[in-house]
Amino acid sequence: MSTRRAFLKFLAGLSAGFLPWYGWPETLKKVDALAVKASVENFPSAVNTGSAAIPAGKAFGAFGRVNPSYLKRTASDDIAVLAQPALAGRRAGSAGEGKAAAYLQDQMRGLGLQPLGDRGADGQRLYTQAFTIYPVVEEFANFYYGRHLTFSLGDPKDLRTPSANILAGLMGTRAAESVILSAHYDHMGIFEGNLYPGANDNASGVGSILDVMRRLIKEGVRPKSNVLLAFWSAEEMGFVGSSAFIKNPGVPLGGIRAVFNADTVGNGSLHEFALWADGENTAVRTLQAVARECNSSAPVVPNHGYDSDQYYFNLNHVPATTLMARTWLEKNHTPQDVPDFVNPQKVALASDILYKAVHRLAF
Ligand SMILES: [Zn+2]
């Protein structure tokens, strides 16, 4: 989750109508291209994932080469890996985030999913979709539950930092149609010597959608619509990753039937979820219907200055919504957002709701 307050400060520091991640000067774009290339090449390839590493698959179909050990993993395993101190709070553009990216790419490969990111030097698609982020400065803000760390815009004249979304898909029989399951994998990093592990925000969302994909692959039924997994970076810096995807989605935007974004799903009362969206849409209606089937509620709630990665999809008239725990703000953006704070039952319920939603639309 990131704060609209911080996000608006991004815009306030720039000329009116100029979105910071649109319309970069041409000279900077050239610098970016080099930086981006470096970032992709420098993403660490070795991180302790708890699974045996497998070579990159060459032939990908609806179900590529699936390594059975990857199907046995759970959302709690994912949360434990992503929130470990070695990943240093996964700040967008950091080495710790690079390790998280390597972990997610390894999972995509192990599950036999088709890479849907940028094209590599050999012309083949990668799992990474690179972009760059503006420098940020940290500040504390007082919210309902206490003091939270936020980002606002640093000096925009500085060279920007490379980062990447991770994109993969289970390809359906209708190439033009997609249902997107997404979650941001970045968090706040380390500040003033304190680690912000981001177990609930948003390793929980990442684990919940990985669980959906593991379940779909175990069932082995090819979907009609493509089911895309998208792990956004730089959500905490103003939805930069999801915004970059919308500019270069790789699938027709008009063919996206719904975006189900999971953000901070693992705390609070078990059956109480909430949604963010710009009103009624297919994604909202579907999630609400399946939440009822799971004896749960998921009302659309006011943003109160916060937002998540459904934001740019909604702006572009793509049906999208963010599923979250109703009391998501608790311990959010604090060093106390550790794996023990996350309730595995709640993550499993979120995953079940998302699974049923994908099933309704993609199969
Ligand atoms: Zn957040």
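The values are calculated or read from the model by the stated rules, or taken from the named source; none is laboratory data. No experiment lies behind these values; they were computed from the predicted model shown. Note that each Cβ is placed from the backbone with ideal geometry, even for glycine, and that neighbours are counted across all protein chains shown.
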Any hit, segment 41-60, residues being at pLDDT below 90, assigned to a helix (DSSP H, G or I) and not polar (S, T, N, Q): yes
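Let's see how each residue does on (1) more than 15 Å from the chain's Cα centre (by Cα); (2) more than 30 Å from residue 336 (Cβ to Cβ); (3) within 16 Å of the ligand (Cβ to nearest atom):
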{"residue": "244", "(1), (2), (3)": "no, yes, no"}
{"residue": "255", "(1), (2), (3)": "yes, yes, no"}
{"residue": "291", "(1), (2), (3)": "yes, no, no"}
{"residue": "295", "(1), (2), (3)": "yes, no, no"}
Residue in segment 312-322 that is within 16 Å of the ligand (Cβ to nearest atom) and either within 14 Å of residue 264 (Cβ to Cβ) or polar (S, T, N, Q) (or both) present: yes
Qualifying residue in segment 194-201 (condition: surrounded by fewer than 24 Cβ atoms within 10 Å (Cβ to Cβ), touching a residue at least 12 places away in the same chain (Cβ under 8 Å) and not hydroxyl-bearing (Ser, Thr, Tyr)): yes
Residues that are part of a loop (DSSP other than H, G, I, E, B), of a type in the set (A, V, I, L, M) and crowded, with 17+ Cβ neighbours inside 10 Å, drawn from segment 122-168: 126
Evaluation of residue 250 against (1) outside any helix (DSSP H, G or I); (2) crowded, with 19+ Cβ neighbours inside 10 Å; (3) modelled with pLDDT under 95 (one fails), failing number: (2)
Matching residues, segment 169-193, being closer than 10 Å to residue 92 by Cα, of a type outside the set (A, V, I, L, M, F, W, C) and not in a strand (DSSP E or B): 185, 186
Count - residues of segment 181-194 that are closer than 14 Å to residue 99 by Cβ and away from the ligand (no atom under 14 Å from the Cβ): 1
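Assess whether residue 183 counts as being touching a strand residue (DSSP E or B) at 6+ places or on another chain (Cβ under 8 Å) and more than 22 Å from residue 322 (Cα to Cα). Write out each step before concluding.
Numbers: touching a strand residue (DSSP E or B) at 6+ places or on another chain (Cβ under 8 Å): yes; more than 22 Å from residue 322 (Cα to Cα): no.
Judged against the criteria, residue 183 is not a match.
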Residues of segment 249-271 classified as in contact (Cβ under 8 Å) with a residue 60 or more places away in the chain, farther than 24 Å from residue 103 by Cβ and of a type outside the set (A, V, I, L, M, F, W, C), total: 5
Boolean, residue 89 is at pLDDT below 95 and surrounded by 13 or more Cβ atoms within 10 Å (Cβ to Cβ): no
Test: residue in segment 211-219 that is within 16 Å of the ligand (Cβ to nearest atom) and outside any loop (DSSP other than H, G, I, E, B): no
